[in-house]
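Data block below; observations after.
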Amino acid sequence: MMSFLMYFCSMDNCRPTPPGGCFHPFDFPVASADLPPSFPDPFAAGPPHPLCVEAARRVMRCLDARTDWREELGRGKMFGVLPAEDEAGRVGFLAAFSGILDGSNRHEGFVPPVYDLLRPDGYFKQEEARISAINRRLDALRAVAEGDAGVAGVADALRRERRERSAALQTWLFHRFRLLNARGEAKDLIDIFAEAGRGLPPGGAGECAAPKLLQYAFLHGLRPLALAEFWYGRSPKGEPRRHGAYYPPCAGKCVPILRHMLEGLCAHGGPETEARALMPYEDGLFLVVDKRADECLPACVRGLLPVCDAEPGASGLRLFAKTEAALSALRPGRGAPVLRMRYEALLDGRVAPGRGFVRIPVDSLPAVTRYEVEGPAPDGRTRVMLSPLTDRRGQLRLHARHPLGLGVPIVGDGIEADRAGRLCLHLARLEFRHPATGRWIKLASCPPF
């Protein structure tokens, strides 16, 4: 069978790269006017840069031809592309897949993992084998002497050893993932998530497509131009995914990582005077910024704790806590709500006037949104106000487009055709009860649509 790298080149007549190469030059001239003026915000909704679309088209054509991967790809997987410029001025792209594909984290034509935990002679696999041996011993003890006090003591000791080894191995692995940013600064996952106030990283952090792409580019002297991730295959359970649609990087694993990796590459709000203009509120416990749709968050929020980050592609007000205690004070509890949010959105279709509630679970967790239809907007759209009463990732987008919800997607959602070039979802009003004073802080932001 023709190698995947050769598929990249032969199917689109692109200039060949060396065997095993990951940089795939485009076969058409790319003028400087065709390049993005700055690295686009990968979390912003809307269509990706045209070079990303062209790179993704080529990758999908190659995936279509891989009959040996057909069954696994049919179950669905996230891929990513990173158009970049090499030191000779050639413009091409890198490609990556999230996690493991066909039992391996290395395939020709794709960038390698940040850290190869699957090396059979590596410490991770050896220690994993020791933990598996403990599991086999526990299975044998259960089968031999159920209820025996002596055996129970041995089993308890083995379970403690397994727990300690597993925790130590996971921490060891997180330290192996040392991720670069555009300034050449390297941090491991432990430091990145600690500075973001997230505690220990989740399992699989650093193995998504976006970190792999940026790491390879920084290591090999490539200048990243834009980034896009797309879904290939069937939709997974719990969260709708459409084949060929583009999605922002995942919030749980990639937001802290990419905030570090994009330092020095992605604009963070311009000069200090402009950054201050985007901060409508700050005190010793909290900071609020007014985020535009086409920019990354300003540098002033680095290391702060997002109080609600469920809709990362939205523009408007964003609330950050400066301490864990301040964050806990605004988390939902059993008492009266201390945080209120009101989003303004444009729906890509008509919805009958009215108000009410949408109750549709997100990832099997209860999720409730209060809505109020403001009225028709130009081009057959509808303006609505959405107030999330629970904090679930992607809740508002799901409740808008779901047939049992409003039944119409938000303009720029990425699930349906986008006519706006951005996600028309804006946090227009934010109110929270300050835990130190008991007073309500009320802020507003005008939507740009």
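Each value in this text was obtained by applying a stated rule to the coordinates, not by laboratory testing. Values in this document were obtained by computation on a predicted structure and should not be read as measured data. All Cβ positions, even for glycine, are placed from backbone atoms using ideal geometry, and neighbour counts span all protein chains on display.
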Spin-label model distance (nm) - R242 vs F357, 7 Å beyond Cα toward Cβ: 3.0
12 Å Cα-Cα reach of K442 towards aspartates and glutamates, excluding residues that sit fewer than 8 places from it in its own chain: E431
Approximate spin-label separation R340-A444, in nm, with each point projected 7 Å along Cα-to-Cβ: 1.3
Net charge, K322 excluded, C-beta distance under 11 Å - Lys, Arg +1, Asp, Glu -1: -3
Set of aspartates and glutamates with alpha-carbon distance to K322 below 16 Å, sequence-local pairs under 8 removed: E195, E282, D283, D309
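Cα gyration tensor of segment 201-240, axes a ≥ b ≥ c as square roots of the eigenvalues: rounded (a/c below 1.5), prolate (a/b > b/c) or oblate?
Oblate is the answer for segment 201-240, as a/c is 1.5 or above yet b/c matches or exceeds a/b.
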Equivalent ellipsoid semi-axes, segment 28-165, via Cα gyration tensor eigenvalues times 5, rooted, Å: 48, 17, 14
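By how many nm would the segment from S32 to D148 lengthen if fully extended, with 0.36 nm per residue of separation less the alpha-carbon distance?
Length gained between S32 and D148: 34.2 nm.
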Cα gyration tensor category, rounded, prolate or oblate, for segment 125-235 with a/c compared to 1.5: prolate
R0 of 41 Å, Cβ-Cβ distance S328-E374: FRET efficiency to nearest 0.05: 0.75
Centre separation in Å (Cα based) which lies between segment 186-256 and segment 28-64: 17
Reachable lysines, given that their alpha-carbon falls under 18 Å from the alpha-carbon of K77 and they are not under 8 places away in the same chain: K212, K237, K253
Gyration tensor (alpha-carbon) shape descriptor, segment 123-176, a/c threshold 1.5: prolate
Long-range HN-HN contacts of A228 with modeled amide H, under 5 Å: V81
Amide H partners (placed H, <5 Å) of M279, local residues excluded: D290
Segment 157-209, relative contact order [Cα under 8 Å, separation at least 6], %: 23
